């Protein structure tokens, strides 16, 4: 199992880079100081719940996503997709199937 600090620090870097923010911009975005963010991204700091709360509120994501490996995120995304598909009727499923076939071809 991956180290929880490494998983968390990688996720924070990933979120920051997805927004094309510098560390300073991202620290301002989530409401923490730059030194704290730098320590988090290097895995050198324990995280206070208030900091986690600031991150999930700024990013508008559930807290559990901050602690998931990329593989766990894939599995979760696939499960969420299956749950959505189960809500569709037969015609909607055919349309989705055709769209998927177009995308992968």
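Can you tell me which of (1) within 17 Å of the chain's Cα centre (by Cα); (2) surrounded by 12 or more Cβ atoms within 10 Å (Cβ to Cβ); (3) at pLDDT 90 or above is the one residue 24 doesn't meet?
Every listed condition holds for residue 24 apart from (1).
Out of 11, 65, 70, report the one residue that is free of Cβ contacts under 8 Å to residues at least 12 places away in the same chain and within 29 Å of residue 100 (Cβ to Cβ).
Answer to the check: 70.
Listed residues 61, 32; which is surrounded by 11 or more Cβ atoms within 10 Å (Cβ to Cβ) and either closer than 21 Å to residue 73 by Cα or in the same structural domain as residue 77 (by TED's automatic domain parsing) (or both)?
61 is the lone residue from the list that is surrounded by 11 or more Cβ atoms within 10 Å (Cβ to Cβ) and either closer than 21 Å to residue 73 by Cα or in the same structural domain as residue 77 (by TED's automatic domain parsing) (or both).
Do we have any residue at all in region 48-59 that's in a loop (DSSP other than H, G, I, E, B) and either more than 11 Å from the chain's Cα centre (by Cα) or at pLDDT 90 or above (or both)?
yes
Applying the selection to region 79-96, what residues are exposed (fewer than 11 other Cβ atoms within 10 Å of the Cβ) and either at pLDDT below 90 or not in a helix (DSSP H, G or I) (or both)?
Result: 79, 80, 82, 83, 84, 86, 87, 89.
Can you tell me which residue within region 43-56, out of those that are under 19 Å from residue 19 (Cβ atoms) and touching a residue at least 24 places away in the same chain (Cβ under 8 Å), is surrounded by the most Cβ atoms within 10 Å (Cβ to Cβ)?
55
Only one of 69, 76 is at pLDDT below 95, under 21 Å from residue 3 (Cβ atoms), out of contact with any helix residue (DSSP H, G or I) (no Cβ under 7 Å at 6 or more places or on another chain) and surrounded by 13 or more Cβ atoms within 10 Å (Cβ to Cβ); which?
Within the list 69, 76, the selection yields 76.
Of the numbered conditions (1) over 10 Å from the mean Cα position of the chain (by Cα); (2) at pLDDT 95 or above; (3) in a helix (DSSP H, G or I), residue 40 fails exactly one; give the number of that condition.
(2) is the only condition that residue 40 fails.
The values are calculated or read from the model by the stated rules, or taken from the named source; none is laboratory data. Just so it is clear, the structure is predicted and the values come from calculations on it, not from any experiment. Here Cβ is always computed from backbone atoms with ideal geometry, including for glycine, and neighbour counts include all displayed protein chains.
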